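Structure, as structure tokens:
The values are calculated or read from the model by the stated rules, or taken from the named source; none is laboratory data. Owing to the predicted nature of the structure, the values given are computational and were not obtained by experimental measurement. Positions of Cβ are generated from backbone atoms using ideal geometry, with glycine treated the same way; all protein chains shown enter the neighbour counts. Only protein heavy atoms, including side chains, enter the accessible area calculation; ligands, DNA and RNA are left aside. Shrake-Rupley method; radii C 1.70, N 1.55, O 1.52, S 1.80 Å.
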Amino acid sequence: MRTVLLSLLLLAALFARADGAPRIEVPLNSGWRFELGQLKGAQRPEFDDSKWIGIEVPHTWNRLGNVGAERSAQSNATQGIGWYRLRFKPPAGAPDARYFLQFDAVGEIAEVWLNGRYLGKHSGAFARFRFDATEAIRPGDDNVLAVKADNSRPEPGSSTQDVVPLSGDFFIFGGIYREVSLIETQGVHVDLLDFGGPGLYARASRIDANAAHVQLSTRLTNEASAARQVSVEFAIQDPSGRELASDSHWVSAEAGTHEMHAELKLDHPRSWQGAKDPYLYHAVVRVLTPQRKLLDEVREPLGLRTIRFDPEHGFFLNGEHLMLKGVSRHQDRAGKGWAIAHADIDEDFALIEDMGANAVRFAHYQHDQYEYQLADRHGLIAWAELPLVNQVSFDGSAASAALAENAQQQLRELIRQNFNHPSIALWSIGNEVDLLATGKKAPTQAAPLLRALNALAKEEDPSRSTTLADCCEMGVPPQTGPAIQNAAPRESFAGIADTMGYNRYFGWYSGGFEDLGPMLDAAHAKHPTLPIAVSEYGAGGALSQHSDDAHGGPINPHGRPHPEEYQDLLHEQAWPVFKVRPYLWASFLWNMFDFASPSRHEGDLTDINEKGMVSYDRRVRKDAYYFYRANWSRAPTLHLVGRRYEDRSYAVIDITAYSNAGKAELSLNGAKPQSTSCTGGICRWHGVHLKPGANTLVASADPEGRRINDSIRLTLSHPPGVVRIKAGDISGYTDGAGTRYGSDLYFEGGRPGAINPPDTPENKRVILPVADAPLFETYREGEFSYRIPVPEGRYRIELRFIEPRAAPNEDRSFDVLLNGEVKLSNLDVRAAAGGGLKPITRQIEADTREGMLVVSFRAQHGQALVSALSITPLEAP
């Protein structure tokens, strides 16, 4: 049945020849059989694959990424070898027909046999590749195609030790994860073995309002031994197919492959203007016999535009400044891995466009051709990237000759296969290639390979700029995490490529929000002639983890939790920094979508990097998505933040909405709406009082003169006079008795601290021998106060303390004041507890003053501190 179906498809394609089609391309996506594991003899036609599973391509054997703290039983992170076999029956073609097998991508090394004959090997998981199958194929008869796919983990001695990338914060999915097809051509045809490229390349050498001069080149192949007289015609067509300019050459095509060139002039050209007007012409090459029989034809997109990067003023498209508001994306999604369909890609690009982005970084490798086509059509400015990621060797030395050769091969594939896409503004030659330093005193040695790759990119395409994404060149405070502890000195890569992108995660992996602007200014001052961008920034956002105040405690970037509110805060802080720095030619947030990464056990997920604006399954647009929509898009936007944090810890809270309106109104439980102004896409209502039980909040605004609404439902499961605060913590805690403490809120001053700071290794963690130890593991320290809104009445305030170090290293004593009155004087926690790491509790009482309890901590010696506060009413308010 599989062979019959494929034969019908091939026959239908052959009949298309009657309409004048010079080459046929037939999909080979159905009827495959698959088996995971190293097998002997699976390439032989007579091999028995009857017990293998039937699949269709795109296909991957891997499945990775799930909700929860443990890897799901449905996951498959196997890295190794998988075998694919297909039986098909192509119809008989012309006597001089040539046949090519085209694979749009196989992860990561592919070896291919047809009817037992070895066609070749391709190393690299991301590019299209083709093999000439003419000598092996049996037209009109049964054929057996066998493919060995290998995504073995890169390590010394492995099959992938010389294939880039050697590592990366993403998973290499194994299998034939993009489409496969059989291409039949005439004996004279446009070259199909040019690193997977189309064989036709076009670029505008000069453009102005009156004319565009377009250079076209093709690679013509004659598979026969004798010369053939043919006409090679170049043309430019408008979108309807109307020919606007053409040129033809009669040539005697000798055996082999030859380059041919032409220059065509277009009068009064229409520019490709990005999202404003993504107008596309088509470049065409035809090969004809003296009798005008069409032997081959190739059509490629042609967008006429000029691009310029200015170190002081940023990015220019067709002479006009354009602020690039970019997103990065990986190519996987939940349940499918890399084996995604065009419909999945359509959905992703619709989300990118809806959010208002005008640029996309195709990280960290070559993506499906369809994605670049969509970037052309949507008018997105694209960053196209070579998969040279994190390191160039396993030991910090320079790249081996074999690895350098593979990197150059993949760069040629990237450029030739995507040369004609006007959306692509630059070629990236690497990402954070010195991230995984080895601890040696000498710096890593990636620069020689980067220089060679940059020279190759300029040789392949002199018309485009180059770039690279840097992790560590300058201005980064000490960072955390196992990947960069004990790091060797870093090389400076600035100036190797034409432009530079900085991957910077201030407020997440290093430093604070306030470090971002000064670092960029320092980089600009250090490299005043180098156009720079921000190529990555971001934070994790877990959909089920929340914070009452994202400023309240330190974040653990490599662990749990990752409150969604912290992701909101980081982006609220970062975007204004970029917006006011005109020298930045772009900023690319990381990431548009959550993606699979086996090193990630963070937030509320496993094997997923959850920095995306949209969840891995694309079902949830996170709050931060709407922050950017409010700032980037003209589409009317109003989104109430915090809808997934439904059961609130506190009765009196601030409510935030993201909107591109100038002001917005909020109504609580049907009460009279309260108006607030919106600045930078942010609208906030302070001191909103929830009632016990269900609360409905409705926001309204009039962006672009159109009335829109949004609503959320929040609940409060305790009386408003009960307030329990876990000091110094970003996420809150429920003790063994079921008593819930919210995350740190209502504080003024001080700083959060922890007995076990984020990223403390397990073998160095302090274990508190006390009940409800997590309640005491964080604290607020310094000179600070809490202004706690509660109904009028008298309250008991229970305070929990612990001296966070076992051995004394400073004197510490402080006063605790309630509404300005000293209630605890000169408290020495260590002395009162009988040593460090021992908890104590103190209770004090007070009446409210104008609906507020003010609890102040005033140091006498050292720093004041508190671990938790519990406020309960003594009298009914």
**Item:** Alpha carbon Rg of region 320-473, scaled by the compact-globule rule 2.2 N^0.38 Å
**Value:** 1.10
**Asked** Between A255 and E783, what length comes free when the chain is fully extended (0.36 nm per residue of separation minus the Cα-Cα distance, one decimal in nm)?
**Response** 181.6 nm
**Request:** Taking the chain as the reference, fit the longest principal axis to its C-alpha atoms, fit the long axis of helix 401-418 to the helix C-alpha atoms, and give the angle between the two in degrees, 0 to 90, nearest 10.
**Result:** 80 degrees
**Asked** How far apart, in nm, are two points set 7 Å out from the Cα along the Cα-to-Cβ line at D515 and at H718?
**Response** 3.5 nm
**Prompt:** Taking the Cα atoms of region 242-399 alone, what are Rg (to one decimal) and Dmax (as a whole number) in Å?
**Reply:** 20.3, 62
**Prompt:** With a ≥ b ≥ c the root eigenvalues of the C-alpha gyration tensor of region 86-221, is it rounded (a/c under 1.5), prolate (a/b larger than b/c) or oblate?
**Reply:** oblate
**Asked** Which angle from 0 to 90°, rounded to the nearest 10, does the C-alpha axis of helix 2-15 make with the longest principal axis of the chain?
**Response** 60 degrees
**Message:** Tell me which of G862, S825, P804 sits at the most positive position along the dipole axis of region 802-874, charges placed on C-beta atoms (Lys, Arg +1; Asp, Glu -1).
**Reply:** P804
**Message:** With the cut-off at 1.5 for a/c, could you classify region 357-398 from its C-alpha gyration tensor as rounded, prolate or oblate?
**Reply:** prolate
**Request:** Arrange the residues K611, K325, K526 by how much accessible surface each exposes, largest first, with a 1.4 angstrom probe.
**Result:** K526, K325, K611
**Virtual spin-label span in nm between R117 and D238, 7 Å along Cα→Cβ** = 4.8 nm
**Request:** Grab the beta carbon distance between T696 and V770, set R0 = 51 Å, and tell me the FRET efficiency rounded to 0.05.
**Result:** 0.80
**Request:** Kindly report the accessible area of region 756-877 per residue (heavy atoms of protein chains, probe 1.4 Å, no ligands, DNA or RNA), in Å².
**Result:** 46 Å²
**Message:** Tell me the carbon and sulfur percent of the accessible area for the chain, rounded to whole percent, probe radius 1.4 Å.
**Reply:** 48 percent
**Message:** Ignoring everything except DSSP H segments at least 4 long, calculate the 222 nm mean residue ellipticity for the chain; use -39,500 (n - 2.57) per segment, divide by total residues, nearest 500.
**Reply:** -4000 deg cm²/dmol
**Item:** Bridge type composition, the chain - antiparallel percent by DSSP, nearest 5
**Value:** 85 percent
**Request:** Taking the dipole about the Cα centre of region 546-591, with the C-beta of Lys and Arg at +1 and of Asp and Glu at -1, give me whichever of H571, S547, L589 is farthest to the positive side.
**Result:** L589
**Request:** Keeping every protein chain in place, order R270, R329, R629 by accessible area at 1.4 Å, biggest value first, i.e. largest first.
**Result:** R270, R629, R329
**Message:** Let me cross-check H558: its accessible surface, 1.4 Å probe, with only protein heavy atoms counted, in Å² to the nearest 10?
**Reply:** 60 Å²
**Fill in**
Once normalised by the length of the chain, the mean sequence separation of its alpha carbon contacts under 8 Å that are 6 or more apart gives a contact order in percent of 8 percent
**Request:** Quick one: pull the percentage of alpha-carbon pairs in region 655-786 with a separation above 26 Å.
**Result:** 45 percent
**Complete:** For region 566-689, shape from the Cα gyration tensor axes a ≥ b ≥ c, cut at a/c of 1.5 then a/b versus b/c, turns out oblate
**Prompt:** Given the Cα-Cα distance of N210 and R377 and 0.36 nm per residue of separation, how much length would full extension add, in nm?
**Reply:** 57.7 nm
**Residue-normalised accessible area of region 317-448, given per residue in Å² at a 1.4 Å probe** = 27 Å²
**Complete:** The answer for region 160-281, accessible area per residue at 1.4 Å probe in Å², is 39 Å²
**Asked** So how do 649-658, 205-214, 124-133 stack up, highest first, on mean other-Cβ count within 10 Å?
**Response** 124-133, 649-658, 205-214
**Item:** Using alpha-carbon coordinates, inclination of helix 516-526 to the longest axis of the chain, degrees
**Value:** 50 degrees
**Request:** Using only alpha carbon pairs under 8 Å that are at least six residues apart, calculate the relative contact order of region 690-753 and give it in whole percent.
**Result:** 25 percent
**Prompt:** What is the ratio of the Cα radius of gyration of region 484-560 to 2.2 N^0.38 Å, where N is its residue count, to two decimals?
**Reply:** 1.36
**Electrostatic dipole magnitude of the chain [Cβ: Lys, Arg +1; Asp, Glu -1; Cα centre; debye, to 20]** = 720 debye
**Item:** Calculated P(r) tail over 15 Å for region 192-277, as whole % of Cα pairs
**Value:** 66 percent
**Item:** Ordering of 457-463, 56-62, 86-92 by burial proxy (mean other Cβ atoms within 10 Å per residue, highest first)
**Value:** 56-62, 86-92, 457-463
**Request:** Report the accessible area of R830, computed with a 1.4 Å probe over the heavy atoms of all protein chains in place, in Å² rounded to the nearest 10.
**Result:** 40 Å²
**Asked** Along the positive direction of the dipole of the chain (beta-carbon charges: Lys, Arg +1; Asp, Glu -1; about the Cα centre), which of F173, Y658, P557 reaches farthest?
**Response** Y658
**Request:** Give the ranking of E259, E312 by solvent-accessible surface, highest area first, calculated with a 1.4 Å probe.
**Result:** E259, E312
**Request:** Under 4.7 Å Cβ to Cβ, no partner at all: give me those cysteines from the chain, in residue order.
**Result:** none
**Request:** Identify the residues of region 173-194 with backbone N under 17 Å of a label point that sits 7 angstrom from the Cα of R153 along the Cα-to-Cβ direction, or state none.
**Result:** 173-174
**Fill in**
Once both label points are put 7 Å beyond Cα along the C-beta direction, the S825-D132 separation in nm becomes 9.8 nm
**Asked** Amide H of E602: which non-local residues (sequence gap of 5 or more, or other chain) have their own amide H closer than 5 Å, using H built in the peptide plane?
**Response** D607, I608
**Request:** Quick one: Debye curve from the alpha-carbon atoms of the chain only, equal weights, vacuum; give me log10 I(q)/I(0) at q = 0.05, 0.10 Å⁻¹ to two decimals.
**Result:** -0.35, -1.15
**Item:** Paramagnetic reach from S599 in region 409-431 [backbone N under 17 Å; point 7 Å along Cα→Cβ]
**Value:** 430-431
